[in-house]
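One structure is given below, encoded as C-alpha cells.
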Amino acid sequence: MQSFFFKPLFLLLSFFVLLFSPTSAQNQTLSPSQNKLLIRLYHILQSPPVLSPLNTSTNFCYLPQSPNLVITCSNNQITELIIVGDRPFSLNWRNALTTSFSIDTFFTTLVKLSSLEVLSLVSLGIWGPLPSKIDRLNSLRVLNLSSNYIYGELPQEISTMTSLQNLVLSTNYINGTVPNLKPLTGLTELDLSFNHLGPDFPSLSSSIMKLVLKNNSLTKIPQNLANSLSMVQELDLSYNQLSGWVPSSLFSLPSIQYLDLSHNKLTGQLPQTIKCGNSISFLDISNNMLSGTLPSCMVSNSSNRVVDFSWNCLNSVDLKYQHPNSYCNEGALAAVLPPPNDVSTSKKSNTSLIVGIVGGILGGVAIIAIFVGIVLQKAKKEGQFEGGNVFKLKEGKSMAKKSSRTPAEKRHATQAARLGAMEVTPYRVFTLEELEEATNNFDRSNLIKDSAQGQLYKGRLQDGTTVVVRCLKLKQKYVSQNLAQYMDIISKLRHRHLVSIIGHCISDGQDFTNTATVVYLVLEKVSNGTLRSHLTEWRKREMLKWPQRVTAAIGVARGVQFLHNVSVPGITGNDITADNVFLDLTLTAKVGNFNLPNLPCNKNHKGGSESPISLFEENYHRSIRNIEQGQKEDIYGLGLILLEVITGKPAQSQNQLDSIKSALEKSLNEDQEKLKAIVDPAICGTFAIDSLRTVVELTLNCLSENARDRPSIDDVLWNLQYSVQVQEGWASSGNLSVQF
C-alpha cells in the first residue's frame with residue numbers, strides 16, 4: 001500500500017527535476033560569439049572586480065546572481081545584463097576609466113548583443129558622449145547608465161528605440177536639449193536627474209508614470225505640461241532654474257502621488273481655486289519665491305499627505321519659516337493674478353472676481369481723477385503744465401529730460417503697480433534733486449569710497465530707503481549715441497543675488513572737466529555685513545554653519561551666472577571676493593562691486609567691446625577672447641570664496657594658498673579625519689563628510705592654475721547643489737549632531 005502511494009509521487013518529483021534542471025531541454029548555453037563578446041567587454045571596462053568570475057570556461061547563464069551582477073539568457077542569447085561596478089560618481093573624475101577607454105569601441109561591442117532587453121551599467125567609470133549606434137539595441141526595454149561620466153548631448157536616435165519602458169541616465173554630465181521622446185509610447189519611467197539638461201522641457205509621451213528631472217538646467221514649466229502627463233504618479237523637478245508661474249493643473253493630475261517643485265525660482269501667487277489630486281501624498285514647493293495665500297488643499301491636515309511650503313514669501317502660514325516679501329525680488333515681474341488658463345471655470349468664482357475687479361477699478365478711477373484734478377489745478381496756477389508733463393525745475397540745477405522716455409522707463413512704468421503690490425522697490429529714473437536731497441548735496445560725510453572708478457555715497461530716499469549712490473563719468477562719444485541702449489542694459493541688473501541697481505539719473509557733468517555727462521547709479525544698501533565678516537567675526541560666524549555656508553556659495557554662483565548671461569558680451573572679470581559678497585537679514589548672499597556692461601566697439605575695434613563709463617584707460621577695450629578669460633577669473637574668485645567657506649579664513653599669500661590646497665588634496669586621498677582637521681571648527685558636527693568632500697573637490701578645480709581646467713559657472717552651480725542634496729540626505733537620516 002505504501003509503495004503504491006510513493007511510486008507516483010516519486011515519478012512526479014522526477015518529472016519536475018528534469019523539467020527545471022540544467023540538462024533539460026531548456027538548457028542554456030551561450031554561443032561562442034556571445035561568450036567572446038562578454039570577455040571582450042570585461043577587458044574594455046578595464047577588468048572590473050565584479051566581472052572577475054568571467055573566463056572562457058564560464059557558463060555565463062548559470063553564474064550565481066547577486067545585487068552587482070545579473071546575466072540572464074534565453075535561446076542561447078544574453079537578454080539581461082546588469083553590472084554595478086565599484087567606481088561611483090566623483091566630481092574630480094578620479095573613478096573614471098583611464099584614457100585608454102573608448103566609449104565608441106565599447107558600444108560597438110555591446111550592440112552585438114542584439115537580444116538584450118535589460119541593460120544596466122552603473123558606476124563603471126564609463127566616460128564620453130553616448131554614441132548614436134545605441135539605437136541598434138532595438139529590443140531594449142530597460143536602459144540604465146547612471147552614475148557614470150557620460151557627457152555631451154543625447155543622440156537623436158534614442159527617439160527611435162520604441163521598445164524602451166525605463167530610461168535612467170541620472171548622475172552624468174549630459175547637457176543640451178532632450179530629443180523628442182513622444183515616439184516612445186511605452187516609456188513609463190524617465191530619470192535624467194543630476195545632469196545639465198535644459199533649458200527647454202523635453203517632449204514626452206503620455207505613457208510616463210515616473211519623471212525625474214531633478215538638478216538640471218530647466219528654466220520654465222510649459223503651461224500645457226499636464227496634458228502630456230495624464231498618467232504620471234511621480235514628478236520631480238526640484239533643483240532646476242524654473243521660473244514664472246506654476247501651472248495649477250499639475251497639482252490635480254489624476255494619478256499624481258509625489259510632486260516636488262522645490263529649490264527653483266517659481267513666482268507669483270497660487271490660485272485659491274487649486275484642487276489637489278486625491279492620490280497625492282507628498283507635495284514640496286519649498287525654497288521658491290511664491291507669495292500670497294496658500295491654497296486650502298495644500299494645508300496639511302491629514303496624516304496621509306505631507307506638504308512642505310517653507311521658505312517662500314507666503315503670508316498665511318507660520319512666518320517663522322517664510323522669507324519676507326522683499327526676498328522675492330525676482331518674482332516681482334510676475335503678475336499677481338493667475339494666467340487665464342489657470343483661472344477656475346466656476347461661474348460663481350468668476351462672478352465674484354469680476355465684481356471685485358470692477359469695484360476696484362471704479363474706486364481707483366475716482367481716486368486718480370481727484371488726484372489728477374488737484375495736480376492739474378496747481379500746475380496751471382504755477383505755469384508748470386506743459387506738453388502733458390508735470391515737473392519742477394530748480395534754478396541753477398540740471399536734470400534729465402522728461403519729454404520722452406527711454407524704453408527702460410516705459411517698460412518699468414507699466415510694471416510699477418505690480419512691483420509695488422509685492423513690496424519690491426521698482427527700478428526708476430531719479431532726478432538730480434532727489435539724489436542731492438538723499439546725500440545732503442553729496443556731502444563728504446556721506447562719501448563711502450573715492451577711486452578711479454567713481455565715488456560712492458550713502459544716502460536715504462524720502463521714503464526712508466537707505467541706498468548707495470555711485471557717481472560715474474560718461475565718455476564724451478557716448479553722451480547721446482547708444483546711451484538709451486546702455487541704460488536699458490543697466491536697468492536689467494536686478495537679481496536676488498546681486499546688490500541690485502534700483503535706478504539711475506543722468507546729468508550734465510559740471511563737476512568734471514573731461515566729460516559732458518555724469519551717470520548716477522542708485523544701488524540697494526545691504527546692511528547685514530559681508531560674507532567675510534560672518535566668517536571671521538566671532539559674533540557672526542556662529543550664524544553660518546555648513547548648510548548656510550553652502551547656500552551662500554550657491555547665491556554667489558547664481559549672481560555670477562546672471563552677470564555672465566545678462567548681456568552680450570557678458571559682464572566678466574568681476575572682483576569676486578568675500579569682502580564684496582553681502583548678506584542681508586535672511587543671510588541671502590548678494591554680489592557687490594561688480595563690473596558694468598560693455599557695448600560693442602566701433603568699426604576700428606571689430607569683435608571687441610568697451611564700456612561707455614570712464615572706468616579704465618581710454619584705450620581699454622575687451623576682446624571676445626578676454627571675455628572667456630574674465631569668466632575663468634570669476635571662477636577663480638569663487639574658488640577663493642569657497643576656500644574661506646571651508647576653512648573660515650582667507651589665504652593671506654600665494655604660499656599660504658598653495659599650502660592649504662596641498663593639504664586639502666592630500667586629505668581627500670587619506671583619512672577623512674585629516675580633512676575634518678582642516679575645516680573651520682565653527683562648522684564641526686554640522687556637515688556630511690561627502691557634502692564637504694564635494695565642495696573641497698570643486699574648490700580645488702576652481703583654483704586650478706591652468707584656467708582651462710577650471711569648471712564653468714553652470715558646473716559650479718550643479719556641484720554645489722549636489723552637495724546640498726547629499727547634506728539634506730544626511731541630515732534627514734538622523735546623523736546630525738548639532739542643530740542649525
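Some notes on this structure:
- Debye-sum result for segment 30-141 in log10 I(q)/I(0), which assumes one identical scatterer on each alpha carbon, at q = 0.16, 0.20 Å⁻¹: -0.73, -1.16
- The calculated FRET efficiency for Glu673 paired with Asn441, based on their beta-carbon distance and R0 = 60 Å, is about 0.50.
- Normalised by residue number, the volume inside the convex hull of the Cα atoms of segment 32-218 is 109 Å³ per residue.
- Inter-probe distance in nm under a simple model that places probes 7 Å from Cα toward Cβ, at Lys182 and Asp308: 3.5 nm
- Label zone at Ser66 (point 7 Å along Cα-to-Cβ), backbone N below 18 Å, segment 123-159: 123-125
- Between Ser31 and His43, the simple spin-label model (points 7 angstrom out along Cα→Cβ) gives 2.1 nm.
- For segment 192-234, carbon and sulfur atoms together expose 47% of the accessible surface, with a 1.4 angstrom probe and every protein chain in place.
- Extension gain, Cys684 to Asn315, is 129.3 nm, computed as 0.36 nm per intervening residue step minus the present C-alpha separation.
- A straight line joining the Cα centroids of segment 274-289 and segment 551-568 runs 29 Å.
- If the chain linking Arg708 and Ser527 were pulled fully straight, counting 0.36 nm for each residue of separation and taking away their Cα-Cα distance, it would gain 61.5 nm.
- Tensor-based shape of segment 260-309 (alpha-carbon gyration tensor, a/c under 1.5 rounded, otherwise prolate or oblate): oblate
- Extension gain from Lys449 to Thr586, taking 0.36 nm per residue of separation minus the Cα-Cα distance: 46.7 nm
- Contact order normalised by residue count of segment 32-218, Cα under 8 Å, 6+ apart, percent: 14 percent
- Residues Thr162 and Asn75, FRET efficiency given R0 of 22 Å [Cβ-Cβ distance, rounded to 0.05]: 0.50
- Relative contact order for segment 174-271: 23 percent, from Cα pairs under 8 Å spaced at least 6 residues apart, divided by residue count.
- Accessible surface, segment 189-300, averaged per residue in Å² (probe 1.4 Å): 31 Å²
- Positive-end ranking of Leu213, Asn180, Asn76 along the dipole of segment 32-218, with charges on Cβ about the Cα centre, is headed by Asn76.
The values are calculated or read from the model by the stated rules, or taken from the named source; none is laboratory data. Fair warning: this is a prediction, and the values are worked out from it, not measured in the lab. Cβ sites come from the backbone with ideal geometry, for glycine too, and all protein chains shown count toward neighbours. Heavy atoms of the whole protein, side chains included, go into the accessibility calculation; ligands, DNA and RNA do not. Shrake-Rupley method; radii C 1.70, N 1.55, O 1.52, S 1.80 Å.
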